[in-house]
Structure formats: structure tokens, C-alpha cells
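Contents: one structure, followed by commentary.
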Amino acid sequence: MKRKILLIDDEINILRVLRAALGKTYEVSTAKTAKEALSILTSEKVDLILSDYKLPDMDGIELLERVREELPDTPFIIITAYGTIERAVEAMKKGAYTYLTKPVNLDVLYSIVREAISGDGPSQRNSKDNGDNHQLLNLLGKSKAMKEVFTTIKRVSKTDARVLILGETGTGKELVARALHYSSLRACKPFITIDCTTIPKDLLESELFGYDKGAFTCAYEDKVGLIEMADGGTLFFDEIGDLEYSLQKKLLRFIQEKEFSRVGSNKKVSVDVRIIAATNRDLEDAVKRGDFRADLFYRLNVISIHIPPLRERKEDIPLLAQHFLEIYRKNIGKDIKGIEPEVIKILTDYDWPGNVRELENVIERAVILCNYDLITRDCIPQKLICPSDGGSSSIEDYQGFNLLDIERKVILSALNESSWNQSMASRLLGISRKQLRTKMKNLNIPFVPDPHLRSGKE
């Protein structure tokens, strides 16, 4: 039986997007007001609640408090705009599982929902090291490279040393950051993520450092920044290599002095945070090109942890595949016993350009399609079985097309391969979902699938 989620938001389009993202795995109910949600909760049993902070009849914190009275153990996730993150942190102190910021990253959403419903939260994750280095705080691997990662995490987690996590997209850099936090003495304090690629550049400084009332137009009240909200806990800069150059100096000064000023203020604010950063870029090369400050790089790179791509730790693939199978067969409600040896060999032979994320998507897809006791080769994408069929093309294949035509064909191919799941397609293409949507707009590819485009016809 599928687990059940209650989505609460007064914006119908957001409800549709979230329902589409979660509906293939979970049973989903929706409500547009807090009153409607409370009514549903009196008649239906739900396994998780996902609510916008701003609702027409009450805010998310008030709804959380009402729900906690009757359902103290049901995970409650807050969705908020960047301008109300401090309210979301307040909600976490009152029992919310976590918060997500708009626009919601559907990959992160799915991962957190899965984790919350399975009961695999911070307190449970802390107890999962089995002594054999196969799993540590939701990280899995028995390869030599991953054992080295686990060892480094154990050695530095109890310190406040700054850590720079390096690795390709999809290797699990944020999981390592969370493992460092939840293994540390700061585990009960906030873990605040700053995605340097998604916060608009013109808002990034005020989001990081906060601002005083009147600092600029529309600054109608004082605002606490993300750095201040992480006080006592961990501040995780995801994709630090994309941080605006002009902000790198201010971040460096904060690291050195452990204090900063809000935008529009001369008053110093002192905070105690541990800084962890991650990037898929070669920062040393960026320093040589002048794109990244050398002094900031050396400040961040006290301890470095390199997460190897999946193609370099293929002995971990069967372990990871089985792990994802256990998750999705429970979530989807299918009694699948395991994976055929032939499929395990196919998975192990494939190079996984999308790394662990791509493997997880393949297993989820296989569970959905599987009608047998075991996952067979019929349940996995053809490109894994015959990589050359979709992976190599000669220049003759593109005669008569200009570069934009070729790009359009490649994007449509990725969309069709992923059943028009934009998050999955972006991973296949090696770009962010935001970049994919920009390219789709520029190439006149509709966001909603067109039957002709689905079939490969123009």
C-alpha cells in the first residue's frame, strides 16, 4: 500500500507540480487552506504533511502547532519563500521536520520526503554505522574510496575544521555535509544550506547577511540572514564555486573575524558557525583564471573530501541498487524480492554519467515497471543494455542541422528518455533543471509534453 502525503498550498499550480512529482510513488491528498487540511486529517490517515508557510487562514507555524496536538509523530515539512526562512527555522524549533525554499528543487523534495516517511531522520541516521564502513549517516559504500570518505568524516566531524567537499554532480556531496553535521557536537543545532546557484545574485547578499529596515527599497523591516540563522550549527555552501566574486571578499572577512554587518547597518553581529562547502568545479583552476579568490579557497580548504564518481567505485553499485530497491518497493508497495544477476552485471558495466542520482532514478523506474518477483532487464532503460545505441553519433547523423537544431534534438531525446521528467532529463544532460528550462524556453520546447514531441515527431 502506498504511503500517503497531504499537500497544503493555496496556489493551484504549485499543488499540481508537487502532486505530479510525488504522485507516482505516494498517494497524495491536497488542500488549499489550513481549515481544509485539518478537516482531511480528521478523516484520513497521512504519513507526511507538506505545507506552505503562508496560507489564507493561518500561517504554517500555527497549523503545525494544531497538527502536533493530535499527530505528534507525523513529519511536517514547511515550504517557504526566502524572505520568511527565519519563520521556517522557528517552525523547526517547534517540531517541523525541515523546511524547503521556493522554488522547490524537486530532487531535494523527493529525497527529503522519502527520508522523512521512512523514519530515516537525523536521530536515526546517527545510529547506522555498522562498524564495517558499508553505511554511515545515509551514505553507502564498501569500496576503498568510500571507506576513506567514512574515515575522514569520523576524524573531523567532532572538530570545527572547515571542510571542502569535491565531486561531480550527483555523487552525494550534500549527504557528506549532513553526515559531518549530524555526527558533530552541533547536531542539535541548525543545518542551513545555501545553494549558490539558485538564489538570485541580486538577492544573495541580503539573504546571506540579512538587512536592516530601510536599507533599500522594500526593506520594510529588519531581516535575519541565513548566516545568523545558522548560529551554533553548520552553514553549508553548496556549489561554492558559483558564488558571486564580489561576495567572496565579504564571506572571507566573516570567516576571519566571525562577525559581519547586515546590509544597511554598521553594527557588528557575531555568530558561531561551522562552515562546510562543496563544489563540482576545479577551484584551483578557477583561482588561476581569476574567477575565485585564492585566499578564500585556502580558508575553505582546511580539510578536503573527494567523493569519487560511481564509475570509479563500481563495487558499490550492487549495494546501492539493493538499497534503493528496498526504499522504493516499500514506498510504492510492491513485493519485489531482488534484482536478477544479469541486471546487476548490466548496472555494474554502465558508466553512470549522472552518478548515484542516476542509479537511484533507474531503480525507481524499474520498481514502477516491474511486474515480477525480480527486476529483469525489461525494466531498465535500453541505453544501459546497449550504451552505444544512444551514446555515439557520427557527423552524418546531423547533416542539414545547425547547432541549435542539434541541441533541440538532444534535449528532446533526454526528455523522452525520462518521460518528460525535467529533473531527470537535466541530470541526463549534465545541467541544472533551471538551465534546462531556460534552454527549453529559448528552443520553443513546451514545458508540458506535446504528443508529437513525445513520439519524436516535429
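When LEU140 is evaluated against the numbered criteria (1) buried (at least 22 other Cβ atoms within 10 Å of the Cβ); (2) modelled with pLDDT of 85 or more, which criterion, by number, is the only one it fails?
With respect to (1) buried (at least 22 other Cβ atoms within 10 Å of the Cβ); (2) modelled with pLDDT of 85 or more, LEU140 is out only on (1).
Taking only the stretch 54-88 into account, find how many residues are at pLDDT below 80, over 18 Å from the mean Cα position of the chain (by Cα) and surrounded by 20 or more Cβ atoms within 10 Å (Cβ to Cβ).
1
Can you tell me which residue among LEU325, LEU415, LEU319 is surrounded by 15 or more Cβ atoms within 10 Å (Cβ to Cβ), modelled with pLDDT under 90 and part of a helix (DSSP H, G or I)?
LEU415
Considering only residues that are among the aliphatic types (A, V, I, L, M) and in contact with a strand residue (DSSP E or B) (Cβ under 9 Å, 6 or more places away or on another chain), which ones fall in the stretch 225-256?
Of everything in the stretch 225-256, those that are among the aliphatic types (A, V, I, L, M) and in contact with a strand residue (DSSP E or B) (Cβ under 9 Å, 6 or more places away or on another chain) turn out to be LEU226, ILE227, MET229, ALA230, LEU235, ILE240, LEU243, LEU251, ILE255.
Among PHE254, PHE237, PHE191, which is crowded, with 18+ Cβ neighbours inside 10 Å, over 26 Å from the mean Cα position of the chain (by Cα) and at pLDDT 85 or above?
One residue alone meets the criteria, PHE254.
Does ALA161 count as under 16 Å from the mean Cα position of the chain (by Cα) and either assigned to a helix (DSSP H, G or I) or surrounded by fewer than 21 Cβ atoms within 10 Å (Cβ to Cβ) (or both)?
Details: under 16 Å from the mean Cα position of the chain (by Cα): no; either assigned to a helix (DSSP H, G or I) or surrounded by fewer than 21 Cβ atoms within 10 Å (Cβ to Cβ) (or both): yes.
So ALA161 does not fit the description; no.
Quick one: would you say GLY167 is assigned by TED's automatic domain parsing to the domain that holds LEU252 and surrounded by fewer than 17 Cβ atoms within 10 Å (Cβ to Cβ)?
No.
Right, GLY233: among the small types (Gly, Ala, Ser) and either outside the structural domain of ASP160 (by TED's automatic domain parsing) or touching a Gly at 6+ places or on another chain (Cβ under 9 Å) (or both) or not?
No: the conditions fail for GLY233.
Please go through the stretch 180-204 and pick out each residue that is closer than 20 Å to ALA96 by Cα and not aromatic (Phe, Trp, Tyr). Spell out the reasoning first.
The initial filter retains those residues of the stretch 180-204 that are closer than 20 Å to ALA96 by Cα, namely 181-182, 186-194.
Matches in the stretch 180-204: HIS181, ARG186, ALA187, CYS188, LYS189, PRO190, ILE192, THR193, ILE194.
Would you check if SER51 is part of a strand (DSSP E or B), under 16 Å from TYR97 (Cβ atoms) and outside the structural domain of ILE227 (by TED's automatic domain parsing)?
yes
Output the number of residues of the stretch 271-285 satisfying the condition of being under 25 Å from GLY232 (Cβ atoms) and out of contact with any strand residue (DSSP E or B) (no Cβ under 8 Å at 6 or more places or on another chain).
1
Whether any residue in the stretch 91-111 is in contact with a His (Cβ under 8 Å, 6 or more places away or on another chain), surrounded by fewer than 17 Cβ atoms within 10 Å (Cβ to Cβ) and at pLDDT 75 or above is what I want to check.
Taking every residue of the stretch 91-111 in turn, none turns out to be in contact with a His (Cβ under 8 Å, 6 or more places away or on another chain), surrounded by fewer than 17 Cβ atoms within 10 Å (Cβ to Cβ) and at pLDDT 75 or above.
The values are calculated or read from the model by the stated rules, or taken from the named source; none is laboratory data. What you are looking at is a predicted structure, and each value in this text was computed from that prediction instead of being measured. Note: ideal-geometry Cβ built from the backbone for every residue, glycine included; neighbour counts use all protein chains shown.
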